[in-house]
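K.L.:
First, the structure itself, so that you have it in front of you.
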Amino acid sequence: MPCTQPPSAPQHLISNVNETSVNLEWSAPAFSGGRQDLTYNVVCKRCGPDGQRCEPCGVGVHYTPQQLSLRTTRVSINELQAHTNYTFQVWAINGVSPQSPGPDQAASVTVTTNQAAPSPVTSIQAKDITRHGVSLAWQQPERPNGVILEYEVKYYEKDQNERSYRIMKTASRSADIKGLSPLTSYVFHVRARTAAGYGDFSAPFEFMTNSVPSPIIGDGANSTVLLVSVIGSVVLLLIFIAVFVIGRRRSKYSKAKQDSDEEKHLHPGVRIYVDPFTYEDPNQAVREFAKEIDASCIKIEKVIGIGEFGEVCSGRLKMPGKREICVAIKTLKAGYTEKQRRDFLSEASIMGQFDHPNIIRLEGVVTKCKPVMIITEYMENGSLDAFLRKNDGRFTVIQLVGILRGIASGMKYLSDMSYVHRDLAARNILVNSNLVCKVSDFGMSRVLEEDPDAAYTTRGGKIPIRWTAPEAIAYRKFTSASDVWSYGIVMWEVMSYGERPYWDMSNQDVIKAIEEGYRLPPPMDCPVSLHQLMLDCWQKERAERPKFSQIVNMLDKLIRNPNTLKRTGAEIPRPNTTLLEPSSPEFSSPLGNVSDWLTAINMERYRDNFTAAGYTTPEAVVHMTQEDMTRIGIASAAHQDKILSSAQGMLSQMQQIQDRMVPV
Ligand code: AMP
């Protein structure tokens, strides 16, 4: 018998990244080495930001079903670090591999994990309990998956409905909760937030407030504590009796108190955005929604952009008791009018009402000295359109969908708060160093006044035509549904790496083409499923467009099943001049060859007639006449009309855009 040999490398290794988990799948090697004892080993390496300088992943990474001697052709690798480059090698091994190990027995793949929310906070302790309060402390989550920006403590009376809770936020790992009722059991949960969002809440932590004014130290066992405890128990008993006797009155009081709390703290999900211009004194809105920062806490470093009201700079903010952070500083240029000051600060009053990882965060304002400033978190990669153009072709589809998911999530938050953005476009999205995208530009009157893409409409007022839904252009019907239209355009910008929507067509031509039912085609290599979502966002009837919550769900589904992103328009032959395609239902699949077109207009019965007569491309079809139709055997006048009018539509569209192609 011939000697057996080591197997060749596994084939077709593919990876799916889901937050901090990676699934690998492969197929068997082409050459088994003439043996039956084939297994696989997985090697995990964590690499530097440039993909170089790799080191073994070590313990802490979990493999399902296992890392070594795998008999299956798939493995799931969990508990990786967020935002980290990993290289995985899958080795095909058999009984003689140790005799002749070589790199040709392994296939490898490099991935970048996504952002993940922090793991739950696990250990909470009550440091100090009084009649009306408690001091809590806890440990950082085991897997923070990024810089913890904030903790949220949720608490409620144990006997009350859990929905009547209160929330307290803190940047440190402790919180002094005040205003509790004596002798009452409370339930606490804590969760952490990073740029990726909130992690899960901790398991419930319960305790009862004291009956006596002096604090009881929980971990001591000395006589003082014992004495206080005994006195406490007696007083506790007395108070129990008192509580029982005046029970009805007390419970009514606490209900009233709870009701007033409810207005302020409860049901955060239905909080509605307040338009600062509804305040008689807009400065009041600034005071309410934006924190005043002392100018001495800010160090301006360099100018990074020009805003409508003045320079935008980067710099540092060091608040007392907090760590120094990088910030963006928008300044109001000297010589402003009162209206300009009000409009400038309105952005802060709006931004200050939002708290979401995909919405730019307001740190505060400087209004007590000059220049007046708005301080926000710093976004290292600047605006999304420029960032994409600079990185043309560098991201995986999953990364691009991750970007879209972030924007959709921010927009869902805004629409839940009944805030309509009106100027959603890639230029108004900022990107940080972790590729997290955040919606920005909340100025009110400035919306569209200074936007170079905004054009005056016949009814006055400026509108960024290419990004705006037809009903908003026609009669200023701005709603979350018109924001969804703009979101579809942002999707197109992202998938085309910052291409200008509708290239250099004039605004008038864009309005006309949209009115006639034409829509942007899928960008190069864009998955069909994403283009379909864009077309859904560009439904003429605004009620038929998806809601942002549905868009987020849809993108999550695509991220979970990356196979659904594999099919791109490239697999369907398409005429390269057809850059816009009609949005009517019969055209909703990418317009491909003549056969697809006939199917789309329900005339597929004539497919053979067209083929036999040599009309195989849309370019040939659009020039056909009625006589041509009769000649190739289409006798019905109604069918001739239908085919000709559809072909005319294609022709006028081709003519409209033929000269306007920009080289990609
Ligand atoms: P805006 O007035 O908001 O359009 O800002 C003008 C320019 O400043 C933007 O296009 C960005 O390039 C830059 N910029 C604004 N805010 C930030 C930020 N938070 N982080 C980084 N760059 C920013």
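K.L.:
Please go through the stretch 1-50 and pick out each residue that is within 44 Å of the chain's Cα centre (by Cα), modelled with pLDDT under 90, assigned to a loop (DSSP other than H, G, I, E, B) and not acidic (Asp, Glu).
P.N.:
Correct list: Thr20, Gly48, Pro49.
K.L.:
Shifting gears a bit: Of the residues that sit in the stretch 85-100 and are surrounded by fewer than 20 Cβ atoms within 10 Å (Cβ to Cβ) and hydroxyl-bearing (Ser, Thr, Tyr), which one is nearest to the chain's Cα centre (by Cα)?
P.N.:
If we take residues in the stretch 85-100 being surrounded by fewer than 20 Cβ atoms within 10 Å (Cβ to Cβ) and hydroxyl-bearing (Ser, Thr, Tyr), then Thr87 is nearest to the chain's Cα centre (by Cα).
K.L.:
Only residues that are part of a helix (DSSP H, G or I) and either closer than 19 Å to Glu363 by Cα or of a type in the set (Ser, Thr, Tyr) (or both): list them for the stretch 270-281, please.
P.N.:
Here is the first cut: in the stretch 270-281, the residues part of a helix (DSSP H, G or I) are 270, 276-278.
Listed by number, the residues that qualify are Pro276, Thr278.
K.L.:
Also: Out of all the residues in the stretch 502-525, is one or more small (Gly, Ala, Ser), in contact with a Lys or Arg (Cβ under 9 Å, 6 or more places away or on another chain) and closer than 18 Å to Gly402 by Cα?
P.N.:
No: zero hits.
K.L.:
Restrict the check to the stretch 304-314 and report whether at least one residue is in a strand (DSSP E or B), within 15 Å of the ligand (Cβ to nearest atom) and closer than 28 Å to Ile167 by Cβ.
P.N.:
Step one: filter the stretch 304-314 for residues in a strand (DSSP E or B), giving 304-306, 311-314.
Still in the running and within 15 Å of the ligand (Cβ to nearest atom): 304-306, 311-314.
Now narrow it down to the ones that are closer than 28 Å to Ile167 by Cβ: none.
No; the residues of the stretch 304-314 include none that is in a strand (DSSP E or B), within 15 Å of the ligand (Cβ to nearest atom) and closer than 28 Å to Ile167 by Cβ.
K.L.:
Something else about it: Across the stretch 45-92, what is the number of residues that are among the hydrophobic types (A, V, I, L, M, F, W, C) and more than 22 Å from Arg394 (Cβ to Cβ)? Can you show your working first?
P.N.:
Filtering the stretch 45-92 for residues among the hydrophobic types (A, V, I, L, M, F, W, C) gives 47, 54, 57, 59, 61, 68, 70, 75, 77, 80, 82, 88, 90-92.
If we keep only those that are more than 22 Å from Arg394 (Cβ to Cβ) as well, we get 57, 59, 61, 68, 70, 75, 77, 90-92.
Total meeting the criteria: 10.
K.L.:
Checking Ala171 against (1) at pLDDT 85 or above; (2) buried (at least 16 other Cβ atoms within 10 Å of the Cβ); (3) of a type in the set (A, V, I, L, M); (4) within 24 Å of Tyr413 (Cβ to Cβ), which test does it fail?
P.N.:
All conditions are met except number (2).
K.L.:
Return the residues of the stretch 504-553 that are closer than 24 Å to Ser383 by Cβ and exposed (fewer than 15 other Cβ atoms within 10 Å of the Cβ); say none if nothing qualifies.
P.N.:
Asp504, Met524, Asp525 - these are the residues of the stretch 504-553 that are closer than 24 Å to Ser383 by Cβ and exposed (fewer than 15 other Cβ atoms within 10 Å of the Cβ).
K.L.:
Let me ask another. Going through Met373, Met417 one at a time, which residue ends up being modelled with pLDDT under 95, hydrophobic (A, V, I, L, M, F, W, C) and either surrounded by fewer than 23 Cβ atoms within 10 Å (Cβ to Cβ) or within 13 Å of the ligand (Cβ to nearest atom) (or both)?
P.N.:
Values: Met373 fails: modelled with pLDDT under 95.
Exactly one residue qualifies, and that residue is Met417.
K.L.:
Look through Leu404, Leu400, Leu414, Leu388 and report the one residue that is touching a strand residue (DSSP E or B) at 6+ places or on another chain (Cβ under 8 Å) and of a type outside the set (Phe, Trp, Tyr).
P.N.:
Numbers: Leu404 fails: touching a strand residue (DSSP E or B) at 6+ places or on another chain (Cβ under 8 Å); Leu400 fails: touching a strand residue (DSSP E or B) at 6+ places or on another chain (Cβ under 8 Å); Leu388 fails: touching a strand residue (DSSP E or B) at 6+ places or on another chain (Cβ under 8 Å).
None of the other options fit; the residue is Leu414.
K.L.:
May I ask you to list pairs of residues, at least six apart or on different chains, whose Cβ atoms are under 8 Å apart, with the first in the stretch 336-362 being closer than 18 Å to Ile148 by Cα and part of a loop (DSSP other than H, G, I, E, B) and the second being hydroxyl-bearing (Ser, Thr, Tyr) and within 12 Å of the ligand (Cβ to nearest atom)?
P.N.:
Ile360/Thr376; Ile360/Ser440; Arg361/Thr376
K.L.:
Considering only residues that are charged (D, E, K, R) and within 13 Å of the ligand (Cβ to nearest atom), look in the stretch 317-342 and name the one that is nearest to Arg173 (Cα to Cα).
P.N.:
Looking only at the stretch 317-342, we keep the residues that are charged (D, E, K, R), and these are 318, 322-324, 330, 333, 338-339, 341-342.
Going one step further and asking which of them are within 13 Å of the ligand (Cβ to nearest atom), we end up with 330, 333.
Details: Lys330: 31, Lys333: 40 Å.
Here the answer is Lys330.
K.L.:
Which one of the conditions (1) within 12 Å of the ligand (Cβ to nearest atom); (2) of a type outside the set (Ser, Thr, Tyr); (3) within 14 Å of Met373 (Cα to Cα) does Ile360 fail to meet, given that it meets all the rest?
P.N.:
Here Ile360 meets the rest and fails (3).
K.L.:
I would also like to ask the following. Only residues in the stretch 367-380 that are over 19 Å from Ser440 (Cβ atoms) and touching a residue at least 60 places away in the same chain (Cβ under 8 Å) count as the first member; pair them with residues that are polar (S, T, N, Q) and more than 9 Å from the ligand (Cβ to nearest atom), Cβ under 9 angstrom, at least 6 apart or cross-chain, and list the lot.
P.N.:
So the pair list comes out as Thr367/Asn283; Pro371/Thr331.
K.L.:
Being in contact with a Lys or Arg (Cβ under 6 Å, 6 or more places away or on another chain), aliphatic (A, V, I, L, M), in contact (Cβ under 8 Å) with a residue 12 or more places away in the chain and surrounded by fewer than 21 Cβ atoms within 10 Å (Cβ to Cβ), is that true of even one residue in the stretch 477-493? Break it down into steps so the answer makes sense when it comes.
P.N.:
At the first step, the residues of the stretch 477-493 found to be in contact with a Lys or Arg (Cβ under 6 Å, 6 or more places away or on another chain) are 478, 481, 484.
Next, only the ones that are aliphatic (A, V, I, L, M) stay: 481, 484.
From the residues that got through so far, the ones that are in contact (Cβ under 8 Å) with a residue 12 or more places away in the chain too are 481, 484.
Narrowing further to those that are surrounded by fewer than 21 Cβ atoms within 10 Å (Cβ to Cβ): none.
No: zero hits.
The values are calculated or read from the model by the stated rules, or taken from the named source; none is laboratory data. Nothing here was measured: the structure is a model prediction, and the numbers come from that model. Note that we place each Cβ from the backbone using ideal geometry, even for glycine, and neighbour counts take in every protein chain shown.
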